[in-house]
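Here's the structure, in structure tokens; my notes come after.
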Amino acid sequence: MPLIDLRQARAEVRLGEVLALLDWRARVRGGAQVRGPCPVHGSQTPTRRVFSAHLDRGVWHCFRCGASGNALDLRARVTGQGIYEAVLELYRRLGRAVPWLQPTNRKRGKSP
């Protein structure tokens, strides 16, 4: 199975893009920080503000269920997928090419 360059994927995918794909709506907005119901544990009350996301830093946290992470982590948690599957599906939905790691020619433990 080919490997995904997760470092590049984290840099490319914005938290706002993942929230938009989830059809998540902020209840409170203060600059780059947004708050609202948690998409991870499925807050049912529309006025809930337990979920906080900082769009510029690309991090989120739920003060009720304790879940937190970056955009890729959010997609994986909400869909119940592993990070590999979540990144593949996310890139497909965004219409982007997956950042695959390139194989190296060096063998482990061997010096040139």
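Observations on the structure shown:
- Scanning region 89-105 for residues that are open to solvent by 60 Å² or more (accessible area, probe 1.4 Å), more than 19 Å from Trp24 (Cα to Cα) and out of contact with any Pro (no Cβ under 9 Å at 6 or more places or on another chain) returns Arg92, Gly95, Arg96, Ala97, Gln102, Thr104, Asn105.
- Close contacts from region 5-22, counting a first residue that is under 12 Å from Gly58 (Cα atoms) and a second that is in a helix (DSSP H, G or I) and open to solvent by 40 Å² or more (accessible area, probe 1.4 Å), with Cβ to Cβ under 7 Å and a gap of 6+ residues or different chains, come to Glu17/Leu94.
- Extreme residue, surrounded by the fewest Cβ atoms within 10 Å (Cβ to Cβ), among residues of region 53-70 that are closer than 17 Å to Gly42 by Cα and aliphatic (A, V, I, L, M): Ala67
- Pairs, first farther than 17 Å from Arg10 by Cα in region 58-69, second assigned to a strand (DSSP E or B), C-beta under 6 Å, six or more apart: Cys62/Phe51
The values are calculated or read from the model by the stated rules, or taken from the named source; none is laboratory data. Owing to the predicted nature of the structure, the values given are computational and were not obtained by experimental measurement. So basically every Cβ, Gly included, is an ideal-geometry build from the backbone, and we count neighbours across all protein chains shown. These area figures cover heavy atoms from the full protein model, side chains too; ligands, DNA and RNA do not enter into them. Shrake-Rupley method; radii C 1.70, N 1.55, O 1.52, S 1.80 Å.
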